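Written out below as structure tokens is the structure these notes cover.
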Amino acid sequence: MSSDSSKTVIVSSARARLIRVGGIVSLALALVAGCAAFARAADPRDTTRADIDQWLAKYRDAKPDFKPGDVLTAKDLDRIRPFMMPGYVEQYNFPEMRMEIIATRNHTPRRDYMDCTEKYQAQVKMNADGSIDNYFCGQPFANASLSASDPLSGYKAAWNFEARWWNYGPIIISVLFLYDRFGGSHQGQAPNVIETPPAGWISGVDYKSKLPSEASKFFGGGGTFVKTANILYERVYFSHLAPRADAGGLLPLPEAKDIYYKEFSGFFSPFDLRGQVFITYRYNDPHRSDDAWAYDPQSRRVRRVSVEVKEDSLGGSDQTNEDFYTFSDRIAQWNFKFLGWKDMLVVMDGKNDYGHYYGPNGNLPDDVWSIRRMAVVERISKKPDHPYSGVVMFWDAENWHPWMAGTFNRQHKLWKTIVYSSRWTEDYKEWAEINHGVDSTQLEGITATDYINQRATIFADFGTGYPAVNLEQVGKIFDISKLEEFHR
């Protein structure tokens, strides 16, 4: 008899003796076993990459049995499960959970982007290495051209995502980082004031709205906030611009033909990080690596940053630079696979100008939800030593903005989920001056949750929009030689 068989006999005999003692003992054992099984099933760390495939196969064509106006609670978790990724859905099993369902809305991008798509999409060519040629503006590939059986469809989806519509690029005047640890309470730990960045960073951005005066009201639920930080974030596109299709799709700057976009992230709190700046240049050449620089206010020096930093934590948070927007790395660095289309429950029509958060650890969006069609795409790094075995991403089928990503460690277990709550630009009351007329999805906040280390980072966004380009401001904020001038 094998050792496993001997163990089975011993356990079975022990159970039989306990059952003879009385029904109460046997019932207690059954309850304990049931609770243990539930705990295992409810622990996101037990979710494997294979579970995602099984979920997709089981629920690929599922349709909701709830409707707009319904309010779902924890009792409805099995009704929600077909429309929310395994490992993430279990986070909503708590007594205060409340999920108001709203109607799915039209998120068609603005007319100039759609005109670009109609006029230039047919000329875009996909290369065998996943790069593209002849892209001018608009959406590079038709949704109908994507198929799970086509090995290049993952790359087509990645290029659609890369070229998604957001005018000249987004600005977030104050991104509040909250470093959250599971358990406990953050009462008194959320900042009372939402700080503003240095005036020099935003001079030339045309806005009149003001940041809210009180921050703590946005953060409910539990979780321990161990520290906070603030950054200004801005990305500006230099080429492939639908609003400038008649001018070659370019900003009127000499370098615009070579630059796809430039990105600025500057810390202005806490005090020990104030003035620290990161700038990235993304080039149109798909095989050219990004250039990145960091400014350290302590040494007052600018240094070039290795592109390898993309795999590192963003400001000590639970999101890496390459995770930003679910994917912000170079497409050539990854293999992509299109896994199909899936109806998902999402927050992409947020009901307020600013996101609200709740849940046992304070890291879940407290908002209204709708069913939207998502492209499901997996990316796997070409670097054999990358800490992720893969990342599964969910991108909106109508405008290719992100909903969420699930990252898996080298053991193919769920490591993190990164969720992007959004609001339609035309719904803003505050910040209407940099949103109305854009017809795009605008980021309200991010919740990056690390299940292995039992922590999360909440990125709450205040003062978001898609402003028109001010060339003087762009020339100043992205000029590496002028970084020191911001801090004199």
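The values are calculated or read from the model by the stated rules, or taken from the named source; none is laboratory data. Everything numeric here is computed off the predicted structure, so don't read it as measured data. Because the Cβ atoms are built from the backbone with ideal geometry, glycine has one as well, and the counts that use them run over all protein chains shown.
General observations
- Filter pass, H240 being part of a loop (DSSP other than H, G, I, E, B) and touching a helix residue (DSSP H, G or I) at 6+ places or on another chain (Cβ under 8 Å): no
- Every listed requirement among (1) crowded, with 21+ Cβ neighbours inside 10 Å; (2) touching a Pro at 6+ places or on another chain (Cβ under 7 Å); (3) farther than 19 Å from R455 by Cα is met by A332 save one, (1).
- Test: residue in region 137-155 that is at positive phi, buried (at least 18 other Cβ atoms within 10 Å of the Cβ) and assigned to a loop (DSSP other than H, G, I, E, B): yes
- The test for being part of a helix (DSSP H, G or I) and in the same structural domain as G222 (by TED's automatic domain parsing) holds for E426.
- Among the residues of region 322-331, the one identified as farther than 17 Å from S389 by Cα and at pLDDT below 90 is F324.
- Entry remark, region 195-210: residues being closer than 30 Å to H107 by Cα and not small (G, A, S) number 6 in total.
- Every pair of residues 6+ apart whose Cβ atoms lie under 7 Å, when the first sits in region 221-237 and is at negative phi and free of Cβ contacts under 8 Å to residues at least 60 places away in the same chain while the second is among the polar types (S, T, N, Q) and in a strand (DSSP E or B): N230/S174; N230/S269
- Here V193 fulfils each of the conditions (1) over 22 Å from the mean Cα position of the chain (by Cα); (2) at pLDDT below 95; (3) not in a loop (DSSP other than H, G, I, E, B) apart from (3).
- Residue in region 117-127 that is without any contact (Cβ under 8 Å) to a residue 12 or more places away in the chain and assigned to a helix (DSSP H, G or I) present: yes
- Of all residues in region 99-108, none are surrounded by 15 or more Cβ atoms within 10 Å (Cβ to Cβ) and over 21 Å from V419 (Cα atoms).
- Test: residue in region 374-382 that is of a type in the set (V, I, T) and in contact with an Asp or Glu (Cβ under 7 Å, 6 or more places away or on another chain): no
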